[in-house]
Amino acid sequence: MTHDHPASAPRVQPGQTRDEWRSVRADLNRRRSELTARAAEVFPAHLRVVGTPLLARPGWIPDRPVPLERVRLVWTGETPATPVDGHSPALDPIRPLRDDGTPYASYAEAVGELARPRLFENRACYRLLQVRGDDAATLTFGRGHYFDVIDICEAAAHEFAAANPAGGVRAPDPARTPFRAFIGDPTDLTRRPVMAGVSTLVLRHDPGPAPGDSTAEFILHWRDPAKVATAGGLHQVTPVGMFQPSHDAPWNEANDFGLWRAIVRELSEELLGTSEDYGSDSAPIDYDAWPFNRALGEARASGAVSVHWLGLGVDPLTFVIDMLTVLVLDAGIFDELFQDLAATNDEGHLVGVEDGTGRSTGVPFRADHIERLTTVEPMQPAGAALLRLAWLHREALLGRA
């Protein structure tokens with residue numbers, strides 16, 4: 001994927017009142033699925049992951065599932081400067097103006113004042129600096145912050161929504177989206193600071209009493225735009241979360257730096273409805289002493305739980321990067337650990353859960369459901385890609401039992 005990059009960001013004049021900005025922001029949340037499909041039209045079809053809108057560089061999607069323990073993380077602690085940030089003059093047209101005519105300093109500042117969701121905090125994140133894709137991926141990280149996602153990714157989506165109003169029939173015109181043009185190749189990790197999310201498809205697997213009786217099911221999440229700042233109004237696999245320490249206290253940076261630990265925390269928060277407050281503002285999390293983490297670790301060691309890496313990709317509308325993982329749990333382990341499955345959480349509600357019962361009804365892991373969810377329903381690209389990749393590799397993922 002290559003794009004020509006201008007030497008500097010184009011300078012344009014501010015252009016949105018606060019009411020206009022709110023209107024476009026609301027339209028973005030209403031039409032995310034439609035806008036995502038339109039944004040994907042700009043990119044060559046061969047860059048799409050298994051026919052979904054998600055984009056990936058060659059080598060980012062492995063040929064087969066990779067056990068998570070074979071994915072290597074490298075920490076540098078660096079925060080290299082990039083040509084693109086959330087203060088680019090190319091963002092002037094979508095920075096709303098205050099009453100005195102001065103623009104908001106950043107998109108995050110505007111969201112915080114004009115459309116603040118329930119969860120909105122500029123916490124530390126692990127910034128993705130480099131990806132080496134091979135039989136066992138190597139990912140290099142430095143330091144970053146969550147508002148880089150808002151200032152760049154949500155701003156790029158807002159710009160696209162403003163340039164492609166509802167009912168429009170013209171093909172997307174890059175000339176009308178100067179900030180997106182300035183970003184250029186959205187898979188280029190050197191152009192902008194990239195904070196990656198971790199998206200995990202959870203499969204409850206019942207091997208059945210005899211060969212051929214194996215079944216599996218999964219649970220989806222609907223992201224409430226009133227609660228979240230990104231990907232509101234879309235279905236997504238669950239759990240999903242930014243790859244970040246549990247708290248900004250310095251001792252968490254090294255202690256929480258692991259994909260498995262991030263997944264475990266998100267499982268607890270999104271499926272069980274537990275708090276994001278682990279007390280790690282005063283001391284690091286003792287993962288060995290945490291019963292939930294210990295139970296998952298023991299089940300993983302016994303083979304009753306497996307977790308695999310399926311690669312990473314870029315959302316064509318927001319340019320958010322998601323790391324893709326699949327967690328398979330034997331039915332008995334799932335039912336034991338998630339007997340108190342929460343129907344709602346701080347980011348939305350689960351799909352495939354009976355409200356008030358606390359029991360999973362699950363979406364059957366079958367071709368017809370995956371086809372419907374990835375072609376008809378409003379689905380986040382990372383989730384659509386995960387479902388299709390998991391189905392493609394279903395024998396490798398489920399065959400262990």
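Taking 25 Å as R0, compute the FRET efficiency from the Cβ-Cβ separation of R366 and R64 and round it to 0.05.
Efficiency at R0 = 25 Å is approximately 0.70.
Among V24, T238, L114, flag the residue with its Cα farthest along the positive direction of the charge dipole of the chain, charges on Cβ as +1 for Lys/Arg and -1 for Asp/Glu.
V24
Taking the Cα centre of the chain as origin, work out the dipole magnitude from +1 charges on Lys and Arg Cβ and -1 charges on Asp and Glu Cβ, in debye rounded to 20.
Result for the chain is approximately 1040 debye, rounded to the nearest 20.
Excluding ligands, DNA and RNA, what is the solvent-accessible area per residue of the chain at a probe of 1.4 Å, expressed in Å²?
It amounts to 42 Å² per residue over the chain.
Who wins for biggest fluctuation among G362, G77, G142 in a Gaussian network model of the chain, springs between alpha carbons below 10 Å?
Of G362, G77, G142, the Gaussian network model singles out G77 as fluctuating most.
In segment 14-398, with Lys and Arg counted as +1 and Asp and Glu as -1 at Cβ, which of these residues, F292, L386, P83, has the Cα nearest the positive end of the dipole, that is, farthest along it?
Most positive-ward Cα: P83.
Positive end of the charge dipole of segment 14-398 (Lys, Arg +1 and Asp, Glu -1 on Cβ, about the Cα centre): tell me which of L97, G362, V326 has its Cα farthest that way.
Ranked along the dipole, the leading option is L97.
Among G313, G383, G332, which one shows the biggest mean-square fluctuation in a GNM of the chain, springs joining Cα atoms closer than 10 Å?
In the Gaussian network model the winner is G332.
Running a GNM on the chain with Cα contacts under 10 Å, which residue among T274, T200, T36 ends up with the highest mean-square fluctuation?
It is T274.
With n ≥ 4 as the cut-off for DSSP H runs, can you work out [θ] at 222 nm for the chain, using -39500 (n - 2.57) per run divided by the number of residues, rounded to the nearest 500?
After summing the helix terms and dividing by the residues of the chain, the value is -7000 deg cm²/dmol.
If Lys and Arg each add +1 and Asp and Glu each add -1, what is the summed charge of the other residues whose beta carbon sits under 14 Å from the beta carbon of G142?
Computed value for this residue: 0.
In a shell of Cβ-Cβ distance under 14 Å around E69, excluding E69 itself, what net charge do Lys and Arg (+1) and Asp and Glu (-1) give?
+3
The values are calculated or read from the model by the stated rules, or taken from the named source; none is laboratory data. All values reported here derive from a predicted model rather than from experimental measurement. Glycine also receives a Cβ, built like all others from the backbone with ideal geometry; neighbour counts cover every protein chain displayed. To get the accessible areas, we keep the full protein, side chains included, count just its heavy atoms, and leave off ligands, DNA and RNA. Shrake-Rupley method; radii C 1.70, N 1.55, O 1.52, S 1.80 Å.
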